[in-house]
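The values are calculated or read from the model by the stated rules, or taken from the named source; none is laboratory data. Note that the structure is a prediction, hence the values are computed from the model and not measured. So basically every Cβ, Gly included, is an ideal-geometry build from the backbone, and we count neighbours across all protein chains shown. Quick note on the areas: whole protein, heavy atoms, side chains included, nothing else; ligands and nucleic acids left out. Shrake-Rupley method; radii C 1.70, N 1.55, O 1.52, S 1.80 Å.
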Amino acid sequence: MEHILGLIAFATSLLAGVIGFGGGMLLIAVLPLFLSPGLIIPIHGITQLASNSSRMIFSLAYVKWALLPKFLAGSVVGIFIFGLLLSNISTDYVPIAIGLYILFNLWSLRFKLFIKKYENYYLIGLLQTGLGLIVGATGPLSLAVLTKQLQSKDEIIATSSLFMTISHLAKIPVFLAIGVPLFEHINILFFLVVGSILGSFVGTKLRMAANNERLITAIKVLLTIMAIRMIILGVL
């Protein structure tokens, strides 16, 4: 089982290395076939921490570090708020809200002008990191904003990887504090982490050879498909 999970982690991390997202969504969809429900989000979080941090390191020159302080401050607040609410919050409509936000942010000029008054990296950090404790893959929240504000595919994906690294790193102390036995599954984690790092390396090399404009367009289209899927699944 460990070897299969390692190959899956490689494939999903390679995908994320090329387009900046999607790997985490695929991985969290597959993990229930191998893990008990209580381990899915914690194991997913550590695997995605390895995937995103390695992807960031392989693209370190493109990270927009000036955006980090605001996102980090928002993340700290998000951990505190959603950590307290972890066992008392309904997540039924969260995917619908995220999906609608992504669609409007990408394609509605009127919404872009409206949300620009309130949209900032403090809030994105709070929501992405806080909700990540509960629903797992929330990276597209910041990716939708970065896609609007940055012009280079490498800057978008490298900076998004930095943000997602923070979001996934924040999960570990929270889940340890509530008693999730992560260290009892070190063999599974080893194969998942190694597979993720190798996938990030190969995916980054493929991305850097890709056309900038076409890849950014592909990111927007795939984000749109993912957002529609989140809305449909949330409604059903």
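State whether the residues of region 155-168 include one that is more than 19 Å from residue 25 (Cα to Cα) and out of contact with any Cys (no Cβ under 6 Å at 6 or more places or on another chain). Yes, region 155-168 has at least one match.
Restricting attention to region 120-161 and to residues that are within 13 Å of residue 48 (Cβ to Cβ) and outside any helix (DSSP H, G or I), the residue that is modelled with the lowest pLDDT turns out to be 136. Scan region 31-44 for residues that are part of a helix (DSSP H, G or I) and either touching a Phe, Trp or Tyr at 6+ places or on another chain (Cβ under 6 Å) or open to solvent by 40 Å² or more (accessible area, probe 1.4 Å) (or both) and the total you get is 5.
Hey, does region 64-85 have a residue that's outside any helix (DSSP H, G or I) and either open to solvent by less than 60 Å² (accessible area, probe 1.4 Å) or of a type in the set (A, V, I, L, M) (or both)? Among the residues of region 64-85, not one is outside any helix (DSSP H, G or I) and either open to solvent by less than 60 Å² (accessible area, probe 1.4 Å) or of a type in the set (A, V, I, L, M) (or both), which makes the answer no. On the stretch given as region 1-21, residues that are open to solvent by 20 Å² or more (accessible area, probe 1.4 Å) and within 11 Å of the chain's Cα centre (by Cα) total 0.
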